[in-house]
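What follows is one structure encoded as structure tokens, with my remarks underneath.
All of the numbers you see were taken from the coordinates with simple rules; none came from a lab. These numbers were taken from a predicted model, which means no experiment stands behind them. Note: ideal-geometry Cβ built from the backbone for every residue, glycine included; neighbour counts use all protein chains shown.
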Amino acid sequence: MKSEIIILGHGSRRAEANQGLLEVAKKVSLIMGQTVTPAYMAHDHPSLPEAVQAKISEGALHIVVMPLFLFRGIHVTVDIHEELREIREQHPNVEIVFTKELGADDGIANLAAQRIRGAVNE
């Protein structure tokens, strides 16, 4: 069964800030070899419920939601789970998997070090 993928960002009132999520979704799509749909917690569309509902309307039975958040704040630990619980209750035949946030991963630390080195060497 093919999984549909949604990358969830916070969202911003600034359109250029929201553009970053679109770029990450496009890059992950290329890496994964399939469409990755961006969604937002706030300030832009589609919202998480809108994106999930669109996938379900297209016939999806397995959806992976990846939060593009660094750490386990209130959105990751509470808000997103509440939204997904409501969707799961309305669509019990659809499996929705919520992945771990980015967290204190080695890849994040390496990227931070790369950015710091770039600033130090300028």
Q | For the range 4-120, Kirkwood radius (reciprocal of mean inverse C-alpha pair distance, Å) | A | 15.1
Q: May I ask you to sort 72, 115 by Cβ crowding, counting other Cβ atoms within 10 Å and putting the fewest first?
A: 115, 72
Q.
Can you tell me the length gained on complete extension of the stretch residue 16 to residue 109, counting 0.36 nm per residue apart and subtracting the Cα distance?
A. 31.0 nm
Q. What percentage of all Cα-Cα pairs in the range 49-113 are separated by more than 18 Å?
A. 43
Q.
If you fit an axis through the alpha-carbon atoms of helix 48-57 and take the longest principal axis of the Cα set of the chain, what angle between them do you get, 0 to 90°, nearest 10?
A. 50
Q) In what sequence do 37, 77 fall when counting other Cβ within 10 Å, fewest first? A) 77, 37
**Q.** Segment residue 43-residue 79, extension gain: residue separation times 0.36 nm, minus the distance between their alpha carbons
**A.** 11.4 nm
Q.
Give me a comma-separated list of calculated 3J(HN,Hα) values for the range 84-94, in order, Karplus coefficients 6.51, -1.76, 1.60 applied at θ = phi - 60°, integers in Hz, x for any Gly or Pro.
A. 5, 4, 4, 5, 4, 5, 6, 9, x, 7, 9
Q.
Net charge within 13 Å of residue 88 by Cβ-Cβ distance, Lys/Arg positive one each and Asp/Glu negative one each, not counting residue 88 itself?
A. -4
Q) So what's the net charge close to residue 48: Lys and Arg +1, Asp and Glu -1, counting the other residues with Cβ under 10 Å from its Cβ? A) -3
Q: Please give the peptides 101-113, 2-14 ranked by average Cβ packing (other Cβ atoms within 10 Å per residue), highest first, as a rough proxy for protection.
A: 2-14, 101-113
